[in-house]
Amino acid sequence: MAKKKKGPRQATGLKCKVCSNFNYITEYNKMNEQLKKQTTGESTFPLMKYCKRCRKSTEHVMSKKLK
Ligand SMILES: [Zn+2]
């Protein structure tokens with residue numbers, strides 16, 4: 001039987017840093033994120049994403065609140 005594995009994937013929201021508009025919901029791997037920080041010192045976030053309100057690509061940061 002195949003089991004559903006619950007990995008370290010976390011659902012998170014992405015909101016625009018400029019206008020705080022909640023734009024995306026995404027999943028990210030917590031383990032990969034930590035590993036990346038340890039090895040390269042870089043973080044996946046903030047991400048450059050298109051914001052409808054700003055009508056341009058802006059930095060998007062993680063938002064803990066998921067609706
Ligand atoms: Zn915006």
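Taken together, the values in this text are just the output of simple stated rules run on the coordinates, not laboratory data. Keep in mind the model is a prediction, meaning the values are calculated, not measured. Don't worry about glycine lacking a Cβ; one is built from the backbone with ideal geometry, like all the others, and counts go over all protein chains shown.
Within the shell defined by Cβ-Cβ distances under 11 Å, the residues around E42 carry a net charge of +1, with Lys and Arg each +1 and Asp and Glu each -1.
Relative contact order of the chain, taken over Cα pairs closer than 8 Å and 6 or more residues apart, is 36 percent. Cysteine residues of the chain whose Cβ has no partner cysteine Cβ closer than 4.7 Å: C19.
Each label was represented as a point 7 Å from its Cα along the Cα-to-Cβ direction; for K56 and K36 these points are 2.5 nm apart.
Ellipticity at 222 nm from helices only: DSSP H runs of n ≥ 4 in the chain, each -39500 (n - 2.57), divided by the residue count, give -4500 deg cm²/dmol. Relative to the longest principal axis of the Cα atoms of the chain, the long axis of helix 30-39 lies at roughly 80 degrees. Roughly what percent of Cα-Cα pairs across the chain reach past 13 Å? Across the chain, Cα pairs with separations above 13 Å total 66 percent. Between K4 and K49, the distance separating the two model label sites (each 7 Å from Cα on the Cα→Cβ line) works out to 2.4 nm.
Net charge dipole, segment 9-62: roughly 260 debye, given to the nearest 20, about the Cα centre with Cβ charges of +1 for Lys and Arg and -1 for Asp and Glu.
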